[in-house]
Amino acid sequence: DEWVLSAACQQNRQWQDAGLPPIPVAVNLSVLHFQRTGFVEQVAEVLAQTGLAADFLDIELTESLLMRDIEAALLLMQRLKVLGVHLSIDDFGTGYSSLNYLKRLSLDRLKVDASFVRAITADPDAAAITEAIINLGHHLHLKVIAEGVETVEQLELLQRQGCYEMQGYFFSRPLPAAQFAELLRHPKGEWLKMDQC
């Protein structure tokens with residue numbers, strides 16, 4: 001976890017130093033890493049060492065991680081927000097968290113799980129759940145990111161539902177850093193300008 005956090009921040013700073021469009025990098029955290037003593041200080045140290053502005057780091061947390069000890073999670077999240085780091089709930093809608101806690105969390109984004117996105121064009125229930133998550137996020141003044149977008153039909157339906165940030169194979173398969181840098185230099189179509197990365 002520590003290596004991934006450091007490597008992601010370092011790579012993002014290298015892309016920015018090369019003059020590529022600045023984009024946030026998202027890092028998934030394990031429960032153990034998040035609960036480790038000194039975690040917030042470690043994040044601050046990585047940002048200082050790499051020179052990456054906190055605004056370009058998005059830490060992704062799962063619902064199950066937050067629900068293990070909600071009060072401790074809230075305190076850690078508040079301290080991360082003071083640093084300027086962005087926070088997202090990954091795989092939203094697949095866990096068991098109370099919506100009551102959602103308003104107390106210092107979040108910037110909700111991420112709609114790929115299991116809903118995969119089914120939105122064929123399953124009206126999946127489409128309804130996805131739209132409800134998007135609307136909930138907007139009403140709470142959160143950005144919403146749809147995971148697992150693979151087809152133009154999914155993209156267009158999500159846009160009609162009001163989701164404008166997406167990730168998935170429709171845009172690109174996972175790439176080594178050098179190839180991703182090339183994609184930032186020469187994006188296919190206009191998707192990069194639409195914040196869909």
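The values are calculated or read from the model by the stated rules, or taken from the named source; none is laboratory data. Given the structure is predicted, the values throughout are model-derived calculations rather than measurements. Methodologically, a virtual Cβ is constructed for each residue, glycine included, from the backbone with ideal geometry; neighbour enumeration extends over all protein chains shown. All accessible areas refer to the heavy atoms of the entire protein, side chains included, with ligands and DNA or RNA removed. Shrake-Rupley method; radii C 1.70, N 1.55, O 1.52, S 1.80 Å.
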Complete set of residues in segment 45-55 that are part of a helix (DSSP H, G or I) and without any contact (Cβ under 8 Å) to a residue 40 or more places away in the chain: E45, L47, A48, A54, D55
With respect to Q42, determine if the residue is among the polar types (S, T, N, Q), part of a helix (DSSP H, G or I) and more than 29 Å from E182 (Cβ to Cβ). yes
Considering residues that are modelled with pLDDT of 75 or more and over 16 Å from N28 (Cα atoms), the number found within segment 69-101 is 12
Reported set for segment 150-186 where residues are assigned to a loop (DSSP other than H, G, I, E, B) and within 27 Å of S106 (Cβ to Cβ) is Q161, G162, C163, Y164, Q167, G168
What number of residues in segment 1-35 are part of a loop (DSSP other than H, G, I, E, B) and surrounded by fewer than 14 Cβ atoms within 10 Å (Cβ to Cβ)? 4
From (1) part of a strand (DSSP E or B); (2) of a type outside the set (A, V, I, L, M, F, W, C); (3) in contact with a Gly (Cβ under 8 Å, 6 or more places away or on another chain), pick out the condition that doesn't hold for R118. (1)
Selection status of E63, without any contact (Cβ under 8 Å) to a residue 60 or more places away in the chain and surrounded by fewer than 17 Cβ atoms within 10 Å (Cβ to Cβ): no
Restricting attention to segment 136-149, which residues are in a helix (DSSP H, G or I) and loosely packed, with under 14 Cβ neighbours inside 10 Å? H139
Residue list for segment 166-179, restricted to those being free of Cβ contacts under 8 Å to residues at least 40 places away in the same chain and open to solvent by less than 90 Å² (accessible area, probe 1.4 Å): M166, Q167, F170, F171, S172, L175, P176, A178
